[in-house]
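Here's the structure, in structure tokens; my notes come after.
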Amino acid sequence: MKIFKYILTVAIAAALTVSCDNDDDFTGEPVTTDFTGTFTTQDQMGRPGINTVFGGTDMNKNNFNVTTPSSQLSFQPSFQNQIEDYYAAYSNTAGTTLTYENNILGLDLPTLTTALSIDVLQVTPDAPTSYFTSTSNFLTGRAIEDDVIDVSLILLFGGANGDRFTSPTNLVSDNVAIEPGVSTSTFPYLTPASF
């Protein structure tokens, strides 16, 4: 039996060795990629979580994902309705009527949902890269350590000062802290995972 296992192991190893190909060797010939055919967008995520949380029905979310950003403004009313529904639900929990209050950037709900409904990440080359640090520096890109979920919650539920709903239930944070030292100044910019 031992000999049979040995022969089987050698045969499998030989088969794997013969079937493997070291295809990363440079042959000197240019590599070409064929882009012919029809391609379709399946998903997009300029701003993480926005469509997931405010898209409404699965069908609406899927439609949003395949819509080009230049046509996504048509989703603004459904985003706004979803946020108003969240406020209504929280009002029932809190036992009082609560409505959206202009946020820390001074944006009213229609203006905010208009900005959010276009799923692109703006980049401002002449400003610090930040998802949000101040009213004069917001949505100018996204740094690795930006807590985009907390920023989104602050803009949605934080009101004029960014802290409107912190008690008894904190709605302006997911309470997941950014791990200190997760980024470096050299590629690949993330520190190795720790276990």
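The values are calculated or read from the model by the stated rules, or taken from the named source; none is laboratory data. Note that the structure is predicted; figures quoted are calculated from it, not measured. Cβ coordinates were reconstructed from backbone atoms using ideal geometry, including for glycine residues, and neighbour counts include every protein chain displayed.
Data table
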item	result
When residues of region 106-130 are limited to those that are of a type in the set (Val, Ile, Thr) and in contact with a Pro (Cβ under 7 Å, 6 or more places away or on another chain), the one surrounded by the most Cβ atoms within 10 Å (Cβ to Cβ)	118
Tally of residues being in a helix (DSSP H, G or I) and either polar (S, T, N, Q) or touching a strand residue (DSSP E or B) at 6+ places or on another chain (Cβ under 8 Å) (or both) across region 85-103	3
Matching residues in region 68-81 - criterion: being closer than 10 Å to residue 118 by Cα and surrounded by 16 or more Cβ atoms within 10 Å (Cβ to Cβ)	72, 75, 76
All positions within region 39-65 that are among the β-branched types (Val, Ile, Thr) and either touching a Leu at 6+ places or on another chain (Cβ under 7 Å) or closer than 18 Å to residue 115 by Cα (or both)	50, 52, 53
Some residue of region 166-175 being modelled with pLDDT of 80 or more and loosely packed, with under 13 Cβ neighbours inside 10 Å	yes
Members of region 137-161 that are out of contact with any Asp or Glu (no Cβ under 9 Å at 6 or more places or on another chain) and aliphatic (A, V, I, L, M)	139, 143, 144, 148, 151, 155, 156
Subset of region 91-108 that is of a type in the set (Gly, Ala, Ser) and modelled with pLDDT under 80 - its residue that is farthest from the chain's Cα centre (by Cα)	95
Residue 84 surrounded by fewer than 18 Cβ atoms within 10 Å (Cβ to Cβ), under 20 Å from residue 153 (Cβ atoms), among the acidic types (Asp, Glu) and in contact with a helix residue (DSSP H, G or I) (Cβ under 7 Å, 6 or more places away or on another chain)	no
Subset of region 38-77 (residues that are hydroxyl-bearing (Ser, Thr, Tyr), more than 15 Å from the chain's Cα centre (by Cα) and assigned to a helix (DSSP H, G or I))	70, 71, 74
Any pair with Cβ under 6 angstrom, 6 or more apart, that starts in region 139-152 at a residue that is closer than 13 Å to residue 116 by Cα and ends at one that is not small (Gly, Ala, Ser) and not in a loop (DSSP other than H, G, I, E, B)	151/132
Close pairs from region 94-105: first without any contact (Cβ under 8 Å) to a residue 60 or more places away in the chain, partner of a type in the set (Asp, Glu) and assigned to a loop (DSSP other than H, G, I, E, B), Cβ under 6 Å, at least 6 apart	102/108
Residue pairs meeting the criteria (Cβ under 8 Å; at least 6 apart or on separate chains; first within 11 Å of residue 44 (Cβ to Cβ), in region 55-72; second buried (at least 17 other Cβ atoms within 10 Å of the Cβ) and of a type in the set (Phe, Trp, Tyr))	64/75; 67/75; 72/64
Residue within region 59-67 that is in contact with an Asp or Glu (Cβ under 7 Å, 6 or more places away or on another chain) and surrounded by fewer than 17 Cβ atoms within 10 Å (Cβ to Cβ) present	yes
